[in-house]
Amino acid sequence: MESQPQHAESNVPPGSPRTGVHSDLEDALGHHFSDPGLLEAALTHSSYVAEHAHATSYERLEFLGDAVLELAATDIIFSRMEDASEGEMTKTRASVVDVTSLSEIARMIRVGEHVRLGAGERNSGGADRDSILSDVVEALLGAVYLDAGFEAAAVVVGGLWSDQITTKIGGAEVTDPRSLLQEHLARTGDTVTFEYDRSGPDHDTVFTARAIVGGETVGEGSGGSKKAAALSASAQALATIGSR
């Protein structure tokens, strides 16, 4: 069943103290953490860890939050799109869990004001970089899941993503290149897989992705996260396939 979208305050117990340095972010999420350490970790970039040895980066929480978001969004989409095909639902989901959507959510709740970055990363504009903002949003969902369980995380997703999902279901065009590539290949029965390489120090990691179809590399791209690299590789793959 669908986790019904709720107002962002619905998961905040009445009278909860709002004295922490991140209380406004917790208000925006609709969740106040029982374990503040989870919130701190979700906001900590690897560049900060490089300068503060006892800090923990958000990377593991990001991995968890990615799965939490996909399931929660899938639940909402499945319930709302009762007559839609698998392909239509997949396209809608892809459009609300991509970097663009995630970074939009991040800016809406002002994540950039709270993320902990190393000096170099902050000075280079990391607090407003899509790849970092989108990763932090996923990490926050992973942190909510560990703090209070899936239902609490689903309430956060419902509150923050409900309008986006409504818009996408209403017919907005899906332009995510990875989704477009998968849709294009589905017509011919082909599939795409991605292989990744990682380079650079932890605080300035670069991922390179190769889009592989039928054993052939048809696109390559790089970015500050695997998602960004895969999107870049997918865009090149679409151009390659389209020119044949």
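The values are calculated or read from the model by the stated rules, or taken from the named source; none is laboratory data. Quantities reported herein were computed from a predicted structural model and do not represent experimental measurements. Here the Cβ is made from the backbone with ideal geometry for all residues, glycine too, and neighbour counts use every protein chain on show.
The set of residues in segment 151-197 being within 17 Å of the chain's Cα centre (by Cα) and either over 30 Å from residue 222 (Cβ atoms) or among the aliphatic types (A, V, I, L, M) (or both) consists of 153, 154, 155, 156, 157, 158, 159, 160, 162, 163, 165, 174.
Here's the yes/no breakdown for (1) of a type in the set (Phe, Trp, Tyr); (2) touching a helix residue (DSSP H, G or I) at 6+ places or on another chain (Cβ under 6 Å); (3) closer than 26 Å to residue 62 by Cβ:
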{"site": "182", "(1), (2), (3)": "no, no, yes"}
{"site": "190", "(1), (2), (3)": "no, no, no"}
{"site": "199", "(1), (2), (3)": "no, no, yes"}
{"site": "206", "(1), (2), (3)": "no, no, yes"}
{"site": "220", "(1), (2), (3)": "no, yes, yes"}
{"site": "224", "(1), (2), (3)": "no, yes, yes"}
{"site": "232", "(1), (2), (3)": "no, no, yes"}
{"site": "240", "(1), (2), (3)": "no, no, no"}
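Give the number of residues within segment 67-90 that are out of contact with any Leu (no Cβ under 7 Å at 6 or more places or on another chain) and crowded, with 20+ Cβ neighbours inside 10 Å. Break it down stepwise before answering.
In the first step, residues of segment 67-90 are kept if they are out of contact with any Leu (no Cβ under 7 Å at 6 or more places or on another chain); the result is 67, 70-90.
Narrowing the set further to residues that are crowded, with 20+ Cβ neighbours inside 10 Å leaves 72-73, 76-77.
Within segment 67-90, residues that are out of contact with any Leu (no Cβ under 7 Å at 6 or more places or on another chain) and crowded, with 20+ Cβ neighbours inside 10 Å number 4.
Residue-level check: of (1) more than 16 Å from residue 72 (Cα to Cα); (2) without any contact (Cβ under 8 Å) to a residue 60 or more places away in the chain; (3) not basic (Lys, Arg), residue 149 misses just (1). From the list 84, 106, the one residue that fits, being assigned to a helix (DSSP H, G or I) and not hydroxyl-bearing (Ser, Thr, Tyr), is 106.
Per the listing 127, 119, the residue uniquely among the aliphatic types (A, V, I, L, M), in the same structural domain as residue 45 (by TED's automatic domain parsing), without any contact (Cβ under 8 Å) to a residue 40 or more places away in the chain and touching a helix residue (DSSP H, G or I) at 6+ places or on another chain (Cβ under 9 Å) is 127. Summed over segment 105-130, the residues that are closer than 19 Å to residue 168 by Cβ, surrounded by 16 or more Cβ atoms within 10 Å (Cβ to Cβ) and of a type in the set (D, E, K, R) give a count of 1. A count restricted to segment 128-150 and to residues that are under 13 Å from the mean Cα position of the chain (by Cα), modelled with pLDDT of 95 or more and under 19 Å from residue 113 (Cβ atoms) stands at 6.
Return yes when residue 49 is touching a Leu at 6+ places or on another chain (Cβ under 6 Å) and modelled with pLDDT of 90 or more and no when it is not.
On the way: touching a Leu at 6+ places or on another chain (Cβ under 6 Å): no; modelled with pLDDT of 90 or more: yes.
It is false that residue 49 is touching a Leu at 6+ places or on another chain (Cβ under 6 Å) and modelled with pLDDT of 90 or more.
Taking helices (runs of 4 or more DSSP H) that fall entirely within segment 16-75, which contain at least 2 residues that are more than 24 Å from residue 97 (Cα to Cα) and in contact (Cβ under 8 Å) with a residue 24 or more places away in the chain?
Details: elements: 23-29, 36-42, 46-51.
Counting at least 2 such residues, we get 46-51.
The residues of segment 93-127 that are under 22 Å from residue 23 (Cβ atoms) and in contact with a Ser or Thr (Cβ under 7 Å, 6 or more places away or on another chain), listed by number, are 106, 116, 117.
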